[in-house]
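Below is one structure; the comments refer to it alone.
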Protein chains: 2
Amino acid sequence: MKHEPRKKLGSNIRQLRRSQGLSQEKLAEKADLHRTYIGAIERGERNVSLDNIVAIAHALGVPASKLLEGVD
Amino acid sequence: MKHEPRKKLGSNIRQLRRSQGLSQEKLAEKADLHRTYIGAIERGERNVSLDNIVAIAHALGVPASKLLEGVD
């Protein structure tokens, strides 16, 4: 499907966020992004840019490449 | 530096492209992107979106996560 990569990225982020006990709001704050934007990313609704992928990875304390695991 | 991630992504793409003996033009054609856009990405000048990261990864026959190796 055309938007499978977006959905996989979103589910990777959600899984990592939850495993750290973070709310969307807290992750958004750490990444300097808006909470509703994090929600949309996790639902696979956004074509996230490299800069924001890196910001979210930093906020989660993981390498950016980890967020793209299984994205194809 | 603020734009280090863009530069690292670009150098990863350039390295993989060259290792396959592909020109920028050929990679652009395979990824359905413009040659000048590939050039700008390789120079770290663009904030590439997930969809285009995936398109380039497909064109190079590698997982999308590979293009982000060392991006931090």
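The values are calculated or read from the model by the stated rules, or taken from the named source; none is laboratory data. Only a predicted model underlies this, so the values are computations on that prediction, with no experimental measurement involved. Neighbour counts are summed over all protein chains in view; Cβ atoms, including those assigned to glycine, are modelled from backbone coordinates with ideal geometry.
Here is a list: A:Ala57, A:Ala28, A:Ala40, A:Ala64. Which entry is in contact with a Lys or Arg (Cβ under 8 Å, 6 or more places away or on another chain) and closer than 17 Å to B:Pro5 by Cα? Being in contact with a Lys or Arg (Cβ under 8 Å, 6 or more places away or on another chain) and closer than 17 Å to B:Pro5 by Cα holds for just one of A:Ala57, A:Ala28, A:Ala40, A:Ala64, which is A:Ala57.
Looking at (1) facing chain B (nearest Cβ under 8 Å); (2) within 10 Å of the chain's Cα centre (by Cα), find the lone condition where A:Ile41 falls short. Answer for A:Ile41: the failing condition is (1). Being over 9 Å from the mean Cα position of the chain (by Cα) and either at pLDDT 95 or above or within 20 Å of B:Leu9 (Cα to Cα) (or both) is a property that A:Ala57 lacks. For the range A:34-54, the tally of residues that are surrounded by 21 or more Cβ atoms within 10 Å (Cβ to Cβ) and farther than 14 Å from A:Arg14 by Cβ stands at 3.
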